[in-house]
Amino acid sequence: MRHSKLGRIAVAAIATLSLATLTACGSDDPAPGSTGATSGGDKGGNIKVGFSQLGAESGWRTANTESIKANLTAENGFDLTFVDAQQKQENQIKALRDFIDQDVDIIAFSPVIETGWDEVLQDIKDAEIPLVLVDRTVDTTVEDPYVTWIGADFTQEGRTAGEWVKKNHPDAKIFELQGTMGSGAQTNRQEGFREVIGDNVIGEASGNFTRAEGKAAVEGALAAYPDMDLIFAHNDDMGLGAVEALEAAGKKPGVDVKIVTVDGVRDGLQALHDGKFNYVVECNPAFGNQLADLLRSVKAGETVPKETIVIDEAFDQTITQEFIDARTF
Amino acid sequence: MSGPTVELTPDTPSSPPPAQPAAQPRPSVARRIMQHQLFWPVVALIALIILCGIKNPTFLTIELRDGNLFGQLVDIARMSATPLLLALGMALVIATGGIDLSVGAVMAISLAVSLTYLDGAANPGSVSTAAVAVLLGVAVALAAGLFNGFMVSVLGVQPFIATMILMVAGRGVAMLITQGQITTVTSAPFKFLGSGFVFGIPTPVIIALIMLVAVAILVRRTALGMLLESIGINREASRLAGVQSRNITWLVYIVCALLAGLAGIVYGAPTMAADANNIGLMKEMDAIMCVVLGGTALSGGKFYLSGTVVGALILSTIERAVVIFHIPSQITPLFKALVIIVVCVAQSPKLRELLRDGAAKLRPRALPEVAS
């Protein structure tokens, strides 16, 4: 991604690419982070699943990985080969090819980027292995590349947040703290939210999903929109940045300025419990059980819906400390 | 207004107009000010601040809360600390005719090392542990600088390529250190570096000021600054004249990386999250922009620390103005680009000639060229 921004100079781009391959040292290992493939000892009836996770770039992703590993176990009737791609497409393609060679029953993966999968997807199709996409989607020329996709509905998350605001603070003057512009989570959460209560949004700024930039944006918003009394942040981290900015300005987050966020990571829920957030819509990473059910249906040859939406919850300040402590992410 | 003015004062004495030939017919004071390389950047900065102030009068207020300064201008000063730290080192490197593209990645490595150490430490809340964490982070930055300097000065690799190695590989290193996770820890003394106050002034501002003064003394109160410029003008001629080109070039890459390491720590301290993918991303471009906005030419041979300070302030003021002017997020990049284009065009020697007009055109002079 960094390449494309530098790409103006062709030479630079080429140099960068060649360097990138250099830095992928250690990628000679057959599968980085592979958790022992049990090729020989197949227990009869177990579904052989090859799962390629894109990496572990955030707490959300780690929780997602843990949930998948915890549900696709031998006891539950799965024989899982899990490979962490460490956020490199070449690792992921390699893992997918390994899965084909191992002749697994189902391949599941979360693509690290949308494009560049044509060849390997065609190979998977030729090998007649059903493919399940998890969390993210692909953009490919291969026809009908996957049987089903499972992930979160960002638009619905935005809608849920909007409906809470409409019900509880219908006159709110809202400042919207957007995620990285153009990302799926930003575009769709905004769309869903504004569908419901767009007229009340008086200002917006991007905080790039980070605490630091969320804080900076809210510092500015305090002067630019002095009458704002509700912040809708596209993720918890920016909401936490907003809390810091509000407290520094002598305002009480959750009281003077209400905060509604999406994600539901532990830090965010803690802020909710402490009364600094008012409402948190979950973006649930722990959908391993839903994935397991889906994989069973695919294996049994049942027709599955093209899309499976992960069940998201939403929390208000009545959340209990026990619930937060039990949170794995 | 006191926020930015405070930052400017210590730097002013360190920037004698080095480019102006001494034997000149005395131009009028107004004209001398107009022709100073800082004139247009300062005008742009003040104009931005005034426009924000008109749009929103509270923008200009600075209040004292619990003995600490608060206000939009204070925020801007605090936000300027990171780009300034990077740009100070970058200005020195650019003066030698080089460039350091690795500063953003060095930020990520330093912060990753510091926070990973804190994460594993028995008592992350103690001052001594935090101090060790900072030292470790800076030490790793030192190693990065040694590497960059070695590539450029000893092996003679083009600076653009030599530092691009770390720019790309550095993030990989940071990812290895954090094992691909976002490491978060809690340590009050470490956090203080990013969001604390000293004598009512935000700590990052103090740190940036100390470094600014240190660098200014290093290059302007010794011959080092002149030697840097001579290397930037003609490396070989400087060497033949007895300037230790190799060692000095090596040194500036080390200084640049050290400042970048410090910038990483200051930037990451408020949130205490070592996000190897995002910390310092594209910050090398910010640093180069600060240096160029301040009137330093990318061709080397000349540099202005005071201009660099103004450049950093402009950059963070634009960042804030976007919110103050209620600019929709989709067009913020366009707005930023427009302001920067205006500043760069205003600095262009051609335009200045047009402005200067007539008789003044006859005087030959070395104007700072602006790479835009």
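The values are calculated or read from the model by the stated rules, or taken from the named source; none is laboratory data. Quantities reported herein were computed from a predicted structural model and do not represent experimental measurements. Heads up, the Cβs are rebuilt from the backbone with ideal geometry, glycines too, and the neighbour counts pull from every protein chain shown. To get the accessible areas, we keep the full protein, side chains included, count just its heavy atoms, and leave off ligands, DNA and RNA. Shrake-Rupley method; radii C 1.70, N 1.55, O 1.52, S 1.80 Å.
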Translational diffusion of region B:219-372, µm² s⁻¹ [Kirkwood Rh, Cα pairs; Stokes-Einstein; 25 °C; 0.890 mPa s]: 134
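Just to confirm a number: summing +1 for Lys and Arg and -1 for Asp and Glu over residues other than B:ILE254 whose beta-carbon lies under 15 angstrom from that of B:ILE254, what do you get?
Values: positive: B:ARG246; negative: B:ASP100.
The answer is 0.
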Interface residues in region B:320-334 - accessible area drops by 50 Å² or more relative to the isolated chain, probe 1.4 Å: B:VAL323, B:HIS326, B:SER329
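Summarise the long-distance tail of P(r) for chain A by giving the % of C-alpha pairs beyond 35 Å. Walk me through the numbers before you get to the answer.
On the way: 16692 of 53956 pairs.
When all Cα pairs of chain A are counted, 31 percent exceed 35 Å.
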Computed helical MRE - 222 nm, chain B, DSSP H runs ≥ 4 contributing -39500 (n - 2.57), nearest 500: -21000 deg cm²/dmol
Helix runs (DSSP H) in chain B reaching 30 Å along axis by Cα, Kyte-Doolittle at least -1.0: B:72-95, B:127-149, B:245-268
Quotient of C-alpha Rg and 2.2 N^0.38 Å, computed over region B:36-88: 1.33
Å² of accessible area per residue within the protein assembly as shown, as computed with a 1.4 Å probe and no ligands counted: 42
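Calculate the translational D of chain B in whole µm² s⁻¹ from Stokes-Einstein, where the hydrodynamic radius comes from the Kirkwood formula applied to all Cα pairs, the temperature is 37 °C and the viscosity 0.692 mPa s.
Working: Rh = 21.3 Å.
Rounded to a whole number, D works out at 154 µm²/s.
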Unit charges on C-beta of K, R, D, E only; dipole of chain B, Debye: 1080
With at most 15 neighbouring Cβ atoms within 10 Å, loop trypsin sites (Lys or Arg not before Pro) (DSSP) excluded, longest segment of chain B: B:1-220
Interface size A-B, as summed buried accessible area [1.4 Å probe, Å², nearest 100]: 2900
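If you wrap a convex hull around the alpha carbons of the protein assembly as shown, what volume per residue comes out, as a whole number of Å³? Show your work: numbers first, answer last.
Numbers: hull volume 123.7 nm³, N = 701.
Once divided by residue count, the hull of the protein assembly as shown is 176 Å³.
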1.4 Å probe, heavy atoms, protein only - residues of region A:223-238 losing at least 30 Å² accessible area vs chain alone: A:ALA223, A:ALA224, A:TYR225
With every protein chain in place, the protein assembly as shown: carbon and sulfur % of accessible area (1.4 Å): 60
Radius, Kirkwood style, for region A:154-283 when every pair of distinct Cα atoms is counted (Å): 13.7
Reduced Cα scattering model of region A:52-92, Debye log10 I(q)/I(0), q = 0.31 Å⁻¹: -1.01
Normalised convex hull volume, region B:160-277, alpha-carbon set, Å³ per residue: 119
